Amino acid sequence: AAVEAAEGAEQKKQVAEYIDIFRDIYERSPEHNACFKLVLSEILKVPDIKVASGELNLSYERQEPEAIKIFRKMVIDNLCGTQETLDTYGVKHDAFDFESELGWEGSNDKFLSIMKNSPYFVPQTQCNDQGVPQGAYFNFTKFIEDQGLPTGKKGYQKEYPPLYVLRPDGSTLYTFRDVVYSFKKASTCDLALNIICSEQDLAQQKVALAMCAMNPEMRGRQYHVSYDLVRLTTGKMSGRRGRYLLADDLYAELKSVIVEKMRTRFQEKGEELSPELFERITHEVAAGSMKYALLSCSCHVQINFDIAKVTDFEDASAPFILYNSTRLTSLINKFNTKVEGGEIPASPPVEEMDFSLMDNNVEWALLLDYVLNFSNTLKLAASVPLPEPPQLPDYGTHKVCDFLNYMVRALSSYYGPKGVRILPTPDGTMGGGPAMYPRIYFCQALKQVIDNGLKLLMIEPLEKM
């Protein structure tokens, strides 16, 4: 009686929590109230939502037309919405695969028949040791022990959670279908990298381990490139309570800050831009700010998204790097204008250039630390050694971001009012001379490195900021 009372109290607590969540969503999203009421009224007509969901899922696997219509519309609507968001950043996918088609073409059944022959496969039952239904699963603990795979800090869990393959009703589970899909990918490539949030670390480890169990040659053929979640420095997000910030809304907020900062900068310089050019520049800076913020953190570090830092024109941001790229563009353009206007002679060919005229130590430090070191940074970021599973490779887009930020810091103090004067002043007392020509070539090299780095981060360099 005491147990039943405790269970009843827990159920009432859960019901009260869900009612509170529904009320919260209802009050926060009045524009969706009509849809919310409709969905809730339809759900209340279903006697058991869990059973109904399972039946719908099984109908989809059996290729029943009505179930296919429901699932496909939902998936395609979501993909279209996702692609609209990605279009803002110029991100495209080559193709989308429907995992369900693996089942329809018979791949799941073929793979399952092979897996059933394994001594580690445990069939589903309607009454297990605890007297309840249990799905079919693959005993990873026994497999890891028999194969002598590493366990502990850099290995697998000693008591490893099983890979559930089938529900008690015989329908397949997502992780099993992902194993089948992974074999399909392996048939078309030498190495597969699954870029999926860290919340899926265990599931992805199970997929790779199952591939190895079914075919030892698959060990090390697929890795999970894990990344952590994005957190905002203001406000709280909760999937359970339906509290979230859309990527589109975050971009709009980010762009509004960029627009105000850019408008102020152009007004201070007395420059007038057409609305079309201003829109293009502010869009590229806003999109670049978002990309840099996401790529400048290690995959294993949670991203704390702070709009003030992301839009900082003074340090460690896309606007900071883009601005210094445009400074070099402006310098090179001014030089070319002076040459075209006959104010100064044209540059000799680069093979005839005397670079020993560059007599500032900062110039040679920039050359050695950044121009010559750029390719090595890319290698460290992208060509990482593949570790022994279950360890994961440590790809580092943040290394390219750090490289560009440090380079631009050094560059920003290299030339200008307080640095090396490259072009001649109107009175001819500073800049110019024979050293101007190798320095222009040098600035072109610096700009090339910065722009190449930006493009690798999918940030488009600008001519004006």
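The values are calculated or read from the model by the stated rules, or taken from the named source; none is laboratory data. Predicted, not measured: the structure shown is a model, and the values here were computed from it. Here Cβ is always computed from backbone atoms with ideal geometry, including for glycine, and neighbour counts include all displayed protein chains. The accessibility values were calculated without ligands, DNA or RNA, using every heavy atom of the protein model including side chains. Shrake-Rupley method; radii C 1.70, N 1.55, O 1.52, S 1.80 Å.
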For Val301, put the label point 7 Å out on the Cα→Cβ axis and report which residues of the range 393-426 keep their amide N under 14 Å from it. 395-406
Through the Karplus equation 6.51 cos²θ - 1.76 cosθ + 1.60, θ set to phi - 60°, convert the phi angles of the range 75-80 into ³J(HN,Hα) values in whole Hz; use x for Gly and Pro. 5, 5, 4, 5, 5, 5
Per residue, how much accessible area does the range 131-177 have with a 1.4 Å probe, in Å²? 53 Å²
Simple SL model, points at 7 angstrom along Cα→Cβ for Leu229 and Val46; separation in nm is 2.5 nm
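Which of the pairs Lys153/Lys291; Lys37/Lys73; Lys142/Lys399; Lys206/Lys255; Lys92/Lys185; Lys69/Lys110 have their Cα atoms more than 30 Å apart in this structure?
Among Lys153/Lys291; Lys37/Lys73; Lys142/Lys399; Lys206/Lys255; Lys92/Lys185; Lys69/Lys110, the Cα-Cα distance tops 30 Å for Lys153/Lys291; Lys142/Lys399; Lys206/Lys255.
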Short version: ³J(HN,Hα) in whole Hz for each residue of the range 399-412, in order, from phi by Karplus 6.51 cos²θ - 1.76 cosθ + 1.60 (θ = phi - 60°), x for Gly and Pro, what are they? 5, 5, 4, 4, 4, 5, 5, 5, 4, 5, 4, 5, 5, 5
Pull up all non-local amide H partners of Arg231: gap of 5 or more, or a different chain, and H-to-H distance under 5 Å with H placed in the peptide plane. Ile303, Asn304, Phe305
Counting sequence-distant residues (5 or more places) and residues on other chains, those with an amide H built under 5 Å from that of Thr151 are Tyr156
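For Glu99, what is the net charge nearby, where nearby means another residue's Cβ is under 12 Å from its Cβ and Lys, Arg count +1, Asp, Glu -1?
Here the count lands on -2.
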Under-5 Å amide H pairs with Gln222, H placed in peptide plane, nonlocal only: Ala192
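Per residue, how much accessible area does the range 404-459 have with a 1.4 Å probe, in Å²?
On a per-residue basis, the range 404-459 sits at 45 Å².
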In nm², the average projected area of the convex hull spanned by the Cα atoms of the chain is 31.6 nm²
Trypsin sites (Lys or Arg not before Pro) restricted to the range 138-197 and DSSP loop, no more than 12 other C-beta within 10 Å: Lys153, Lys154, Lys158
Longest principal axis of the chain (C-alpha) makes with the long axis of helix 275-295 (C-alpha) an angle, in degrees to the nearest 10, of 60 degrees
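So what is the 222 nm mean residue ellipticity for the chain from helices alone, if each DSSP H run of at least 4 adds -39500 (n - 2.57) and you divide by all residues, rounding to the nearest 500 deg cm²/dmol?
So the calculated ellipticity at 222 nm is -17500 deg cm²/dmol.
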In whole Hz, what ³J(HN,Hα) sequence does the range 15-32 give by Karplus (6.51, -1.76, 1.60; θ = phi - 60°), x for Gly and Pro? 4, 4, 5, 5, 4, 5, 5, 4, 5, 4, 5, 4, 6, 7, 10, x, 5, 9
Compute the long axis of helix 201-214 from its Cα atoms, compare it with the longest principal axis of the Cα atoms of the chain, and write down the angle in degrees, 0 to 90, nearest 10. 70 degrees
Quick one: of the DSSP bridges fully inside the chain, what percent are antiparallel, nearest 5? 40 percent
May I ask you to list the lysines whose Cα is less than 18 Å away from that of Lys447, ignoring any residue fewer than eight positions away on the same chain? Lys334, Lys455, Lys464
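Please report, as a whole percent, how much of the solvent-accessible surface of the range 157-214 comes from carbon and sulfur atoms (probe radius 1.4 Å). Provide the component values of the computation, followed by the final result.
On the way: 1420 of 2660 Å².
About 53 percent, which is the carbon plus sulfur part of the accessible surface.
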List the chymotrypsin sites (Phe, Trp or Tyr not before Pro) in the range 98-138 that DSSP assigns to loop (not H, G, I, E or B) and whose Cβ has at most 14 other Cβ atoms within 10 Å. Which are they? Phe98
Taking only Cα atoms, what is the 0 to 90° angle, nearest 10, from helix 33-44's long axis to the longest principal axis of the chain? 30 degrees
Note, Arg265: beta-carbon cut-off 14 Å, +1 each Lys/Arg, -1 each Asp/Glu, net -1
Residues with beta-carbon under 11 Å from that of Gln200, excluding Gln200: net charge, scoring Lys, Arg +1 and Asp, Glu -1? -2
Using a 1.4 Å probe over the heavy atoms of the protein chains, calculate the carbon and sulfur portion of the accessible area of the range 392-465 as a whole percent. 55 percent
Reduced to Cα centres, the span from the range 439-465 to the range 47-108 in Å works out to 42 Å
Straight-distance crosslink candidates among aspartates and glutamates, where the alpha carbon sits under 16 Å from Lys379 and sequence neighbours closer than 8 are dropped: Asp369, Asp394, Asp402
